[in-house]
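What follows is a set of notes on a single structure, which appears directly below.
The values are calculated or read from the model by the stated rules, or taken from the named source; none is laboratory data. None of the values given here were measured: they were computed from a predicted structure. Backbone-built Cβ (ideal geometry, glycine too); neighbour counts: all protein chains shown. Heavy atoms of the whole protein, side chains included, go into the accessibility calculation; ligands, DNA and RNA do not. Shrake-Rupley method; radii C 1.70, N 1.55, O 1.52, S 1.80 Å.
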Amino acid sequence: MRVIRQNEISVLKFGGTSVKTPARMKNVAEIVAKCASGSKVIVVVSAMGHHTDELVNLASECSNNPIQREMDVLLATGEQQSIALLSIILNDLGVKTRSFTGAQLGIITESNFGNAEILQINRKRIETALEEYQVIVVAGFQGVTTDGDITTLGRGGSDTSAVALAAAIGAQTCDIYTDVDGIFTADPNKVPGATLHEQIGYAECLELALNGAQVIHPRAVRLAQNNGLAIRVRNTFNPENLGTLINGYQSQTEIAGITTSSGFGTVDLTLETPVCDWQNTVSELCLSGQSYTGGNLKTQSNDLPALSLAFAGVNENTLSELATSIARALPIRNLNWSEVLHRITIIFSSETHAVSPYMKERMRSILNDANIEIKFIQTTKTSLSCLVASQNAERALNLLHQGLHDFAVETPRQQVSIA
Ligand code: ASP
Ligand code: MG
């Protein structure tokens, strides 16, 4: 029996848009077949197009509250369809291939249905499969508990499956194929001037992913970082391009990127009397999926304290409900809430660059000049974000990208970084 060396195994993952139709599957199969001429290949695939969303909708037509175990049984079928079809095409191309569900390959997870973490992967089973087959096609997003229950890893979880498999077999890199050339300084579909990162550090990439950049799942980035594995994000429709390499890279530029995400809102209120633990009170009022993201306390000219609170995970209805429960829980004189807002987040290259007050001023003046009202500003060690009306989000994103990004690249660091 020939022992396969780790560097002879490639791990490739293709997302939903890459396998949306049979024609696109065939395109994917060509990429895989080419790779398979030089190494053994593990291919991880997502469900076709928006199939997972369609399955979620189907379930909601059957029940208002479908039980999570059965949701996982249902959702896992999307990826199962993809692996079978891709394997059929690869076999037609003469590539010795077999498909595997998460359970068949021994991807063991905890039993937290809908958002399970991978606990263990049966490396021996992968190696045995790769001895016999040139390519194994694995269903992303799914695993199995030790009791044999099918689980899913949370939406977007196929990236995590791919990185976990790459880590399990000790691969150096995992190639994640998507529908853009890699990781940009902003979503290239919204910002024409966005530039591609050839390399990006794990930390910056994680911040981008956590703040709405959809190109890669944050859990996959963390897992890669913990295992010292590089991820290459590249374009299925432009496979010659080498895309973006995510690794321990330390960038010299000030800004890693600017993202937008939806579902934010603010509640502004005046208190009758000071309240000490208002942060805890408002946090506890958040329902599942909602979160309190920050607040400012000011004393007004009438000596009454005024609070401005920001929330994530809200829509028009849930924000007004939340505002009502805040009004009940705190001694308020008056209260109002915003429309639903978008958050724009500027992510700085981590560690070496601190968020500067000058940047905050620049952000304010760029948006003021464009008559875009800022509802809330927040800073962390490596990011600066503001909430704006949803209809202004794309314009604000473009203006900030143009104004701040160009500015940051051109300006010597010592002038803008104030520790
Ligand atoms: N098909 C799953 C989803 O749509 C997993 C994935 O695509 O990564 O969330
Ligand atoms: Mg995805």
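Annotations
- Residue 152 meets the conditions (1) in contact with a helix residue (DSSP H, G or I) (Cβ under 9 Å, 6 or more places away or on another chain); (2) away from ligand 1 (no atom under 16 Å from the Cβ) in every case but one. The failed one is (2).
- For the range 266-277, a residue qualifies if it is part of a strand (DSSP E or B) and either open to solvent by 30 Å² or more (accessible area, probe 1.4 Å) or free of Cβ contacts under 8 Å to residues at least 24 places away in the same chain (or both), and exactly one does: 268.
- The set of residues from the range 135-154 being within 12 Å of ligand 2 (Cβ to nearest atom) and either touching a His at 6+ places or on another chain (Cβ under 8 Å) or more than 14 Å from residue 14 (Cα to Cα) (or both) comprises 153, 154.
- Residue selected from the range 198-214 under the condition open to solvent by 30 Å² or more (accessible area, probe 1.4 Å) and more than 16 Å from ligand 2 (Cβ to nearest atom), by the criterion nearest to residue 347 (Cα to Cα): 207
- The listed residues are 47, 29, and the only one of them that is more than 13 Å from residue 177 (Cα to Cα), at pLDDT 95 or above and in contact with a helix residue (DSSP H, G or I) (Cβ under 8 Å, 6 or more places away or on another chain) turns out to be 47.
- Answer residue from the range 215-265, given it is of a type in the set (A, V, I, L, M, F, W, C) and open to solvent by 60 Å² or more (accessible area, probe 1.4 Å) and is nearest to ligand 1 (Cβ to nearest atom) among those: 237
- One residue stands out among those in the range 271-328 that are in contact with a helix residue (DSSP H, G or I) (Cβ under 7 Å, 6 or more places away or on another chain) and polar (S, T, N, Q): the one that is farthest from residue 342 (Cα to Cα), which is 281.
Residues are listed down the side, and each one gets a yes or a no for (1) surrounded by fewer than 16 Cβ atoms within 10 Å (Cβ to Cβ); (2) at pLDDT 95 or above:
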position	(1), (2)
309	no, yes
351	yes, no
371	yes, yes
383	no, no
388	no, yes
393	no, yes
397	no, yes
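- In the range 42-53, the residues that are under 19 Å from residue 100 (Cβ atoms) reach residues that are within 12 Å of ligand 2 (Cβ to nearest atom) and basic (Lys, Arg) with C-beta atoms within less than 6 angstrom, at least six apart or across chains, in these pairs: 44/13.
- Only one of 130, 90, 119 that is of a type in the set (A, V, I, L, M), on the phi < 0 side of the Ramachandran plot and either within 16 Å of ligand 1 (Cβ to nearest atom) or crowded, with 23+ Cβ neighbours inside 10 Å (or both): 90
- Wholly enclosed strands (runs of 3 or more DSSP E) of the range 141-224 bearing at least 2 residues within 27 Å of residue 71 (Cα to Cα): 142-144, 150-152, 173-178
- Residue that is under 26 Å from residue 125 (Cβ atoms), open to solvent by 50 Å² or more (accessible area, probe 1.4 Å) and within 16 Å of ligand 1 (Cβ to nearest atom), where the choices are 81, 68, 104: 81
- When residues of the range 155-188 are limited to those that are within 15 Å of ligand 2 (Cβ to nearest atom) and open to solvent by 50 Å² or more (accessible area, probe 1.4 Å), the one nearest to residue 394 (Cα to Cα): 187
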